[in-house]
Amino acid sequence: MSQAPTEIWIGRGNDQLGPHALDKIRQLHADGALRRDDLLWWDGLGEWTERDAALVLLGIDGLRAASAPPPMPSRPVVPDLPRPAPVTASANSPERQRALMFMGLGLLTFAALAAAAFAFLRSPTLSLPLPSFGGRRDMAEALSSAAMYKTAYAEVVMSTDRVPQSLEEIGLSSAPYGAMTGARIEAGTLLIDTKRGVLALQPYRNANYQIWFRCGRAAPPAGMEALGLVDSASATTVSDSDLPDDCR
């Protein structure tokens, strides 16, 4: 890598966390805060890259070395016994010819599937379509606009171990954007004002101190600590017909 990037983004689920400095990425990796399925991107990188491959490009692969395995248990020495000679089919036998034919067909099928998958993943137009009607489209736009608030909130919790109580604490202000008409934090819960009503995003934290936002009236995540005291389901006023499936 000719020059170390100064701003690195982490892709986690539908969220984009960052930007982070290179030293911050080193620390998160050393602390085990980077997930195996995280994606990383920085200016100059063609596309989002899997965590392990991105760490190699950043020159910080292998910071968390696995502990050495315990010594192998001692086993009694068993003398080598003579083995029977393998039975091989004749080069021109029907069985060998059928085996070679099936092997060739399998290789051709695998090559075709691999080429199709590669072309699909490399397509620059690959995207998930947004709902094309009324309220569902508005809520999809509002959730996309709220991503910056979720990212800033998560960074404050991860870096200070403190639950923000206002937008000022996460360094943002309430501003209309698309279908989102405003945002605020009440008792640690992020409230997004939209054209269709209030959408609550209640933050939770797991044992690894990773942040997850419960959307709308979705079921609370099992085994996670609620950081926001305002219940997401009670605070959400958007109708179920307008909410995305994962917010119901």
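Just a few scattered comments:
- In this structure, Thr181 and Asn14 have a Cβ-Cβ separation that, at R0 = 25 Å, corresponds to a calculated FRET efficiency of about 0.75.
- Most tightly packed first, judged by the mean number of other beta-carbon atoms within 10 Å of their residues, the peptides 136-147, 233-244 read 136-147, 233-244.
- In range of the label at Ala222: residues from the stretch 176-212 whose backbone nitrogen is under 19 Å from the point 7 Å along Cα→Cβ: 204-208, 212
- Fully extended contour minus Cα-Cα distance, from Ile60 to Val198, at 0.36 nm per residue: 45.4 nm
- Pairwise FRET efficiency - Met148 versus Asp37, Cβ, R0 = 25 Å, nearest 0.05: 0.70
- Gyration tensor analysis over the Cα atoms of the stretch 205-248 returns equivalent ellipsoid semi-axes of 22, 11, 7 Å (largest first, whole Å).
- The calculated pair-distance distribution of the stretch 8-58 uses every alpha carbon pair, bins of 5 angstrom beginning at 0, and gives 5, 21, 38, 28, 7, 0 percent.
- Computed extension gain for Asp161 through Asp240, at 0.36 nm per residue and net of the alpha carbon distance, reaches 25.1 nm.
- Taking Tyr204, Tyr209 and counting other C-beta atoms within 10 Å, the order from fewest to most: Tyr209, Tyr204
- Taking the square roots of 5 times each eigenvalue of the Cα gyration tensor of the stretch 134-247, largest first, gives ellipsoid semi-axes of 22, 16, 11 Å.
- Contour minus Cα-Cα distance for Leu22 and Glu7 (0.36 nm per residue): 4.7 nm
- Amide H within-cut-off set for Ala179, under 5 Å, with H built and near neighbours excluded: Ala142
- Loop-located chymotrypsin sites (Phe, Trp or Tyr not before Pro) across the stretch 1-57 with a Cβ neighbour count of 14 or fewer within 10 Å are Trp48, with loop assigned by DSSP.
The numbers here are math on the coordinates, done by the rules we state, and not lab data. Everything quoted here is computed from the prediction, not taken from an experiment. Methodologically, a virtual Cβ is constructed for each residue, glycine included, from the backbone with ideal geometry; neighbour enumeration extends over all protein chains shown.
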